[in-house]
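What follows draws every value from the coordinates through simple rules; no lab data is involved. From a predicted model like this one, the values you see are computed outputs, not experimental measurements. As a convention, Cβ positions derive from the backbone with ideal geometry for all residues, glycine included, and neighbour counts pool all protein chains shown.
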Ligand SMILES: Cc1cc2nc3c(=O)[nH]c(=O)nc-3n(C[C@H](O)[C@H](O)[C@H](O)COP(=O)(O)OP(=O)(O)OC[C@H]3O[C@@H](n4cnc5c(N)ncnc54)[C@H](O)[C@@H]3O)c2cc1C
C-alpha cells in the first residue's frame, strides 16, 4: 500500500532538524534508515504529515573508540557496526549487528533509529543493556545524556521529546576478562526474533563469574533485565548447576505472549536454552577464545 501523503524536508544540520520538528509540530517525524517507519507508513499505521530526513546531517555516522568508550553516531548503520573492527573487544555488538534482518535492512537501518523506535522485538536495546550504554540526545534546550535503562520507558516509548533527536550512542568498553554474547532465535532471516538473549560476563578467574548481566528480548513490552538470573551467577563458579539455575530464573523473568512467532510456553523454553548457550559462549570469549555466535534460525 502507498503511504498517506506527506511533505518531505531534508535537514542539513541538527539545528535545522530540531527547528523543523519544532515548527511542524507533532505531525512531523524524523526519518533515518526508514526501516521501521516506512513499513508502518505503508501499512498506514503511521501517518505523519511531514518527514524530516536527517541523513544529510554531517557528523552522525561515525564509529570511534576513545577514552575507553565506543561512540556510535545515530546514523551508524547496522552494517557499519557489523564491519567495524571491534570484534576483539566487544564481540556482542558484532553478534547483534550482523544478525539483524537481511543485508538490505542492515545497510539502511541505524542504531539511533532502532533505539528511538523502542520496538520490543528490536535487537539493539537487548544487546546494549548488558553494557554501560548512554544515549546522547539533542533538542531545543540543548543536550542531555540519558542512560539506556532510563531512555526506553515502554514499548515504542522513549524519553525523547517530539523535537529531540538521538545524536550518539556511547558504550563503555568492558574491562579485561569480560565478554558477551547476543543470541536471537528466528524463524527465518528477514523476520524479528521469536526470543533473544544477551549476556555479558566478567570473570574473576577462569571459572568464577565476578559480574553478570542478562537481558531478554521479545518476551515483554521492553527488554527485560533478568536480575535474579544474574544473581545465580555472580560470585559463583560457572558450572552446569549455576548456569541451569540462571536459565530457570530467566525463564521465570520472561513475560512472553502467544503470537504468530510462537506460544508463550515455547518462548519460555527458548529463553532457557538461549541463556545456557549465551553464558557458555560469553565465558569462553571472556577467557580469550574466539567463538562465532549470533542469530540462529529454526530448522538449521
Ligand atoms: C523486514 C525487516 C526486518 C527487520 N528485522 C529486524 C530484526 O531482526 N532486529 C532488529 O533489531 N530490527 C529489525 N528491523 C528493524 C530495523 O533494525 C530498523 O532499521 C530499526 O528498527 C530502525 O532504524 P531506522 O534507522 O530504519 O529508523 P526509521 O525507520 O527511520 O525510524 C524509526 C523511528 O525512530 C525515529 N528516529 C529515527 N532516527 C532518529 C533519531 N536519530 N533521533 C530521534 N528519532 C529518530 C523515527 O522518527 C521513527 O519514529 C527489521 C526491519 C525490517 C524492514
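Once C-alpha pairs closer than 8 Å and six or more residues apart are averaged by separation and normalised to the residue number of region 74-218, the relative contact order reads 25 percent. When the inverse distances between all different Cα atoms of the chain are averaged and flipped, the Kirkwood radius reads 19.6 angstrom.
Please report the relative contact order for region 147-247, taking Cα pairs under 8 Å with a sequence separation of at least 6, and give it as a percent rounded to a whole number. Result for region 147-247 is 17 percent. Quarter the surface of the alpha carbon convex hull of region 180-300 and you get the mean projected area, 7.0 square nanometres. When the Gaussian network model of the chain links Cα atoms closer than 10 Å, the mean-square fluctuations of 186, 42, 276 top out at 42.
Here the relative contact order of the chain, from alpha carbon pairs under 8 Å that lie six or more residues apart, stands at 16 percent. Determine, from the Cβ-Cβ distance of residue 239 and residue 269 and an R0 of 25 Å, the FRET efficiency 1/(1 + (r/R0)^6), rounded to the nearest 0.05. Computed FRET efficiency for residue 239 and residue 269: 0.70. What is the angle, in °, between the Cα long axis of helix 264-286 and the longest principal axis of the Cα atoms in the chain? Nearest 10 is fine, range 0 to 90. The answer is roughly 80 degrees. May I ask for the distance between the Cα centers of region 48-96 and region 232-300, given as a whole number of Å? Here the two parts' Cα centres lie 27 Å apart.
A crude spin-label estimate for the pair residue 69 and residue 187, with each label 7 Å from Cα along the Cβ direction, gives 4.1 nm. Evaluated at q = 0.18 Å⁻¹, a Debye calculation over the C-alpha positions of region 79-208 (equal weights, vacuum) places log10 I(q)/I(0) at -1.04. What the Cβ-Cβ distance of residue 43 and residue 227 gives, at R0 = 41 Å and to the nearest 0.05, is a FRET efficiency of 0.65.
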